[in-house]
Amino acid sequence: MIRVMIVGTGAMAHDHARAYAAMDGVELVAGVDPNAENLSQFVEEFAIPNAFSTLEDAIVWGAFDAVSNVTPDAIHYPTTMSLLATGKHVLCEKPLATNHAHAVEMADAAQTAGVVNMVNLTYRNVPALMHAAGLVAQGRIGDVRHFEASYLQSWLTQDAWGDWTRDPQWLWRLSSAHGSLGVLGDVGVHILDFATFAAGSQPATVSCRLKTFDKADGGKIGAYTLDANDSMTMQLALENGAIGVIHASRFASGHLNDLRLRLFGTKGGLDVRFEQGESRLSICEGESLKSGTWADVSFPDVVPNYTRFIEAINAGKPVVPDFSRGAMLQKVLDLAVKSDALGAQDQAV
């Protein structure tokens, strides 16, 4: 029986808890959160027997094997480092840290501890993406030459997910003082992983433009200074020689939470979509290249991240995407911020 503790009991923690609760051989044993109201509701909803207001108290108790770290971005580093020091397996929400130096420390500490470590890059759960990556690795579209990718949200233009002007779970994402790296850190990390994973290559150089739009009088709502970026555009060159563009925005009216990736190779192209919660993959290859005809591709289901995390613990084997992957992605994000500050100059990864 793998005993799992969840640190941070906000909205995303419920997804973690539901996934673990549905697994055989897994027991949710504790929740941790300084917010007493959130913590109480969370442990009651999932019948979790132990609740702690501090991670220190939970570590002293110690009756857990693995942790889902669902704290705000800026808290990932100190909480995860404390857990790794006690030899616990950790699944950490993205981004792994708020800067590359901390992310590298976390990856190194996990390797030293010899524990299973994983970054919860949610869209590794998209079957179309995983199948596309396999097709690229098999050489189905030849050598990748070009790609384009987007992650589009519109919660700053409509209230389908709630009123961002009043709800702290959205306001903190707009404030650097509250640990946000804006759309770049929140969803840019996802589309960066989405594109480079499927393309089968690491970034070599990056340039970036970031934009923060005026959203309130004086740029503030209550305690939140709205200075985090709302839109980003990025150009990448990959180690395999391919070049491409990535963009993300919270002002993408008409798109609630949509991802798209197009990969173009010497023998064909792939179109990966995750739109309106549905996964889709199409290909253009062979004789169809002459007419530009695309055909849908079927694909199998994938094993979700949460399940793979537990399976890795049981097997005593590593799992991906791991903290090393998270550190690489954080390096690109850091360089993207630097590039923007220097007028979109190329930065070597």
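Structure values in brief
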| item | result |
| --- | --- |
| Per-peptide average of other Cβ atoms within 10 Å, ordering 195-204, 99-108 highest first | 195-204, 99-108 |
| Residue-count net charge about Trp172 - beta-carbon cut-off 11 Å; Lys, Arg +1, Asp, Glu -1 | -2 |
| Which of Gly244, Leu184, Thr212, positive extreme of dipole for region 164-269 (C-beta unit charges) | Gly244 |
| Out-of-range pairs (alpha-carbon distance over 23 Å; input Lys94/Lys220; Lys211/Lys338; Lys94/Lys211; Lys88/Lys317) | Lys94/Lys220 |
| Positive-pole candidate from Gly8, Tyr306, Leu281, dipole of the chain, charges at beta carbon | Leu281 |
| Mean ellipticity per residue at 222 nm, deg cm²/dmol - from DSSP H runs of n ≥ 4 across the chain, formula -39500 (n - 2.57) | -9500 deg cm²/dmol |
| Calculated FRET value between Asp296 and Ala137, using beta carbons and R₀ = 25 Å, to 0.05 | 0.75 |
| Whole-Å semi-axes of the chain's equivalent ellipsoid (Cα gyration tensor) | 33, 25, 19 |
| Long-range HN-HN contacts of Val67 with modeled amide H, under 5 Å | Met5, His89, Val90, Leu91 |
| Nearest-ten-degree value, helix 189-199 long axis tilted from longest Cα axis of the chain | 50 |
| Residue of Trp172, Trp61, Trp294 that the Gaussian network model of the chain assigns the largest fluctuation, springs spanning Cα pairs under 10 Å | Trp61 |
| Of all DSSP beta bridges in the chain, antiparallel share, percent nearest 5 | 60 |
| Cβ-placed point charges (K, R +1; D, E -1), dipole of the chain about Cα centre in debye, nearest 20 | 860 |
| Inter-probe distance in nm under a simple model that places probes 7 Å from Cα toward Cβ, at Glu148 and Arg3 | 5.3 |
| Karplus (6.51, -1.76, 1.60) ³J(HN,Hα), θ = phi - 60°, over region 32-42, in Hz, Gly and Pro reported as x | 10, 5, x, 7, 4, 5, 4, 4, 4, 5, 5 |
| For Val319, net neighbour charge (Lys/Arg +1, Asp/Glu -1) across residues whose Cβ lies under 12 Å away | +2 |
| Cα centroid separation - region 325-349 against region 186-220, whole Å | 10 |
| Phe323, Phe213, Phe299, Phe64 arranged by Cβ crowding within 10 Å, fewest neighbours leading | Phe213, Phe299, Phe64, Phe323 |
| Ranked Val115, Val4, criterion: other C-beta atoms within 10 Å, fewest first | Val115, Val4 |
| Estimated inter-spin distance, Met23 and Asp217, nm [label 7 Å along Cα→Cβ] | 5.0 |
| Selected from Asp159, Asp217, Asp65 as most flexible by GNM, with the chain as the system and alpha-carbon contacts under 10 Å | Asp217 |
| Helix 323-341 vs. the chain, principal-axis angle (Cα, 0 to 90°, nearest 10) | 70 |
| Set of lysines with alpha-carbon distance to Lys290 below 20 Å, sequence-local pairs under 8 removed | Lys267 |
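Read the figures in this text as sums done on the coordinates, not as results from a lab. Computed from a prediction, not measured in an experiment: that's the story for all the values here. Note: ideal-geometry Cβ built from the backbone for every residue, glycine included; neighbour counts use all protein chains shown.
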